[in-house]
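**Q** Below: one structure in structure tokens.
Values quoted throughout were computed directly from the atomic coordinates according to the rules given, and no laboratory measurement underlies them. Owing to the predicted nature of the structure, the values given are computational and were not obtained by experimental measurement.
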Ligand code: AMP
């Protein structure tokens, strides 16, 4: 499947969850067997020879991508969760969303020292979420090798918040 085919399986939903936001609904793309395979292969492609040990997925839609990517890379997964979900000692980082504010948490012992980590989320919008995820991974001793996004909304300049990082986005708008 080429980029055009993949984009055709994403549905734009205007004014969700707030007026003025065009929500990128990736569920039809994930439900398509060829589309899903192309997404996973495309997301891992630049990182295959990079010794990734952990794929860290951002709640919630990063959780739909991280496990399949990790299995292909021979890595484990770490969920970066919304506040209050993890049962043991956590470290947290807060951020602004394209809509609203939130914080994400990981267990304090989630990343072995200098473990090679690949961050994944569905959408890079303003970059706030990814910047928080990045600081969380680094604060907990992980070595951030790169970040992979299914979609980058380039007009929101999220990359600016991730200066110096190895960023890979599959579909750009
Ligand atoms: P940001 O922190 O602004 O980069 O926003 C990224 C996070 O918000 C990701 O976890 C996305 O799931 C979600 N998100 C932001 N904008 C959109 C959008 N237009 N469509 C779908 N999800 C979005």
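**Q** Using all alpha carbons of the chain, what is the percent of pairwise distances in each 5 Å bin, ordered from the shortest bin to the longest?
**A** Reading upward from the zero bin: 1, 9, 18, 22, 21, 16, 9, 3, 0.
**Q** Let me ask something else about it. Mean-square fluctuation check for the chain, GNM, Cα pairs under 10 Å: which of 145, 13, 90 is largest?
**A** The residue that fluctuates most here is 13.
**Q** What number does the stretch 87-139 give for Rg over Rh if you use C-alpha atoms and the Kirkwood radius? Working shown, then result.
**A** Values: Rg = 11.6 Å, Rh = 11.9 Å.
Value, to two decimals: 0.98.
**Q** While we're on this one: Highest GNM mean-square fluctuation, the chain, Cα pairs closer than 10 Å: which of 73, 65, 124?
**A** 73
**Q** Have a look at 118, 156, 144 and tell me which one the Gaussian network model of the chain (Cα, springs below 10 Å) gives the largest fluctuation.
**A** Per the Cα network of the chain with a 10 Å cutoff, 156 tops the list.
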